[in-house]
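A.B. asks: Provided herewith is a single structure, encoded as structure tokens, for subsequent inquiry.
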Amino acid sequence: RPSNFPPGPRGVPLLGFAPFLPKNEPFFRAMQKMAEKYGPVTGFYLGPFLPFISVDGHKAVKEALHNNDLNGRPSGTLVISRTFGKKLGLLIVDGDFWQEQRRFTLRHLRDLGFGKTSIEDQMMGEISDLILDITGAAKSDPDHIVDFKAIFTVSVFNILWAIIGGKRYQRDDPAFKQLLANVDLFLRGGNIAQVVIPVPAFLVRLFPSLPSRLGVKDELFVPIQQFIEKSIDEHVSTRSKGDAARDFIDVYLDEMEKQLENDSTFTKKQLIASVQDLFTAGSDTSSGTIGFMVLYMINYPTIQQKIREEIENVCGDSLPSLAHRASLPFTDAFITEVMRMSSVAPLGIPHLAMKETQLLGFTIPKGSIVSVNINSMLQDTVMWGDPENFRPERHLDADGKLFRNEAFTPFGIGKRICLGESLARNTVFLFTAALAKTFEFKSLPNKPPPTLEPTIGFVSGPQPFKAVVVPLVH
Ligand code: HEM
């Protein structure tokens, strides 16, 4: 260990702490427990040479995420195997490549509808379809029991795909459902420490099942990459020169053509990897968040009733729109509190120290993996007082207006903040408000409410659940 390295467990020679990584509890919780023992910045080694730094609590997380020397991403064999064995896409790239691709993607996704009301019509269409689906399922069961497994992913994906690929899929399209199930399976597979374990490439060649055993099931992305590549080819063949760009894929293809002569970062492989990353980062996180909204409504029926009353008073007969949001502070506070409690991306994406730097006075060696515990920020006792309690009112000020606590950072902070934040926030708001207005959600007869305990994996999602759904007449 270099001098002034953060305190932490030692592990064993050669393998470091790798054999002791917890598997049966969410990794973010294990890291929080470690922080209780060693402090807000904990360090250990994965293998003989790779320092792993876990950062916990508001003060340390804030300092880490605002330190630009920590804005890199890991590049181990397992990390890059999802992107053709190279640092491609948006999630795991860094340096100038990341800046150029992130800036381009963000600018054009914004123009095409991220965070804009122009995509609202698309969202409302998906919501109407979902409402029909849930109503149908509730009415077809004698006890109005609806299975919520994967029910929101198709809607969320269709919104994303309207911007990226300009096409809409039917809710019951089996091939399409399989693609979404693959993303979900991958995200439930492992944890961020397993994926950065420095496994030499030759070992993976010798033991091809090794990544999967470590929870990195990259083969799940093969059909997704084929689907994206096919869409790109269709875009090329269905557009004539001079036609306006229809979606992100068209805009990207235009840029590839423009930059043809240069040593360009805009390539077909990069486009496939970026779209794949937008799927991976954007679908389960948003749909899981909506799932948690329903779960919390079931667990807190009085609060569910209060939201519904607020929405009915403000929106009358119509479904809530983004324009109503400012007049629905309690609904917004409920959404904020569910996001704080459920923390679907509890460890975000691991960062990398691009050079040696300091964190809370400790030395972080160049090349360290820095795992930033976003959940610990959302549960910080100093910032929240009673973080363990579900209290939407904590997000309202004395005048009943939405108040933003500095520690509310489910999308991260700093330069690597989530690229899809505005789209996710709008999606989650519209779906939650529409569902609360249209249905009453209840526990199954004579059963306790479904668990709020998250699934284990790269992201936290709701466990599959069923609920009694009563369609409300308006
Ligand atoms: C509730 C929904 C979501 C949550 C809670 C969430 C949370 C996060 C978090 C915590 C990070 C990591 C920040 C860091 O590395 O410090 C992140 C990164 C990212 N998110 Fe999201 N996200 C959500 C939805 C979305 C959506 C809808 C998209 C796009 C369609 C998206 C795209 C991305 C991308 C591309 C990154 C990587 C940014 C970079 O490395 O520069 N996310 N997200």
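Where a number appears in this text, it was derived from the coordinates with a stated rule and is not lab data. Treat the numbers as computed from the prediction; the structure is a model and nothing was measured. Glycine also receives a Cβ, built like all others from the backbone with ideal geometry; neighbour counts cover every protein chain displayed.
A.B. asks: Quick one, could you list the DSSP H helices from the chain stretching 24 Å or more along their long axis (Cα atoms) with average Kyte-Doolittle hydropathy of -1.0 or above? Before the final figure, lay out each step's value.
C.D. replies: Numbers: long enough: 95-112 (26 Å, -1.32); 120-140 (30 Å, 0.02); 268-299 (46 Å, 0.41); 421-438 (25 Å, 0.56).
TM-like helix candidates: 120-140, 268-299, 421-438.
A.B. asks: Assuming R0 = 41 Å, what is the FRET efficiency of S321 and K37, from their Cβ-Cβ distance, to the nearest 0.05?
C.D. replies: 0.25
A.B. asks: Work the Kirkwood hydrodynamic radius out for the stretch 393-467: mean of 1/r over every pair of different alpha-carbon atoms, inverted, in Å.
C.D. replies: Working: mean 1/r = 0.0632 Å⁻¹.
Taking every pair of different Cα atoms in the stretch 393-467, averaging 1/r and inverting gives 15.8 Å.
A.B. asks: Would you mind checking the stretch 426-448 for residues with the amide N under 15 Å from a putative spin-label position 7 Å along Cα→C-beta of K139?
C.D. replies: 439
A.B. asks: Let me ask something else about it. Multiplying the sequence separation of Q99 and A201 by 0.36 nm and subtracting their Cα-Cα distance, what value in nm do you get?
C.D. replies: Working: separation 102, 0.36 × 102 = 36.72 nm, distance 2.76 nm.
Computed gain between Q99 and A201 is 34.0 nm.
A.B. asks: Where in the chain lies the longest segment free of GluC sites (Glu not before Pro) that are both loop residues by DSSP (not H, G, I, E, B) and have at most 14 other Cβ atoms within 10 Å? Please report the intermediate quantities before stating the final value.
C.D. replies: Values: sites that count: E261, E356, E388, E406.
Free of exposed loop sites, the longest segment is 1-260.
A.B. asks: Take the alpha carbon atoms of the stretch 334-378, find their center, do the same for the stretch 1-72, and report the distance between the two centers in whole angstrom.
C.D. replies: 10 Å
A.B. asks: Amide H of V199 versus every other amide H placed in the peptide plane: which residues, excluding those fewer than 5 positions away on the same chain, fall under 5 Å?
C.D. replies: T77, L78
A.B. asks: A further question follows. Using the beta-carbon distance between A175 and F20 and R0 = 30 Å, what value does 1/(1 + (r/R0)^6) give for FRET efficiency, to the nearest 0.05? Walk me through the intermediate numbers first.
C.D. replies: Working: r = 41 Å, r/R0 = 1.37.
About 0.15, to the nearest 0.05.
A.B. asks: Name the residues whose placed amide hydrogens come within less than 5 Å of the amide hydrogen of F439, ignoring near sequence neighbours (fewer than 5 apart) on the same chain.
C.D. replies: The answer is L472.
A.B. asks: Filter the trypsin sites (Lys or Arg not before Pro) in the stretch 334-400 down to the DSSP loop ones having no more than 13 other Cβ atoms within 10 Å, then list what survives. If you can, show how the numbers build up before the last one.
C.D. replies: Values: sites: R340, K355, K366, R394; in loops: K355, K366.
Those that pass, being in a loop and sparsely packed, are K355, K366.
A.B. asks: What number, rounded to the nearest 500 deg cm²/dmol, is the helix-based mean residue ellipticity at 222 nm of the chain, given -39500 (n - 2.57) per DSSP H run of at least four residues and division by all its residues? Don't skip to the answer; put the middle values down first.
C.D. replies: Numbers: 18 runs with 219 residues, N = 474.
So the calculated ellipticity at 222 nm is -14500 deg cm²/dmol.
A.B. asks: Among DSSP beta bridges lying fully in the chain, give the percent that are antiparallel, nearest 5. Spell out each step's value before the answer.
C.D. replies: Working: 23 of 27 bridges.
Roughly 85 percent of the DSSP beta bridges within the chain come out antiparallel.
A.B. asks: Strictly over 25 Å apart at the Cα level, which of K62/K306; K306/K447; K217/K447; K87/K230; K217/K258; K167/K268 would you flag in this model? Let's see the in-between values first.
C.D. replies: On the way: K62/K306 34 Å; K306/K447 23 Å; K217/K447 35 Å; K87/K230 22 Å; K217/K258 36 Å; K167/K268 20 Å.
K62/K306; K217/K447; K217/K258, as the Cα separations exceed 25 Å there.
A.B. asks: State the volume of the convex hull built on the alpha-carbon positions of the stretch 18-471, expressed per residue in Å³ and rounded to an integer.
C.D. replies: Details: hull volume 71.6 nm³, N = 454.
It comes to 158 Å³ per residue, whole-number rounded.
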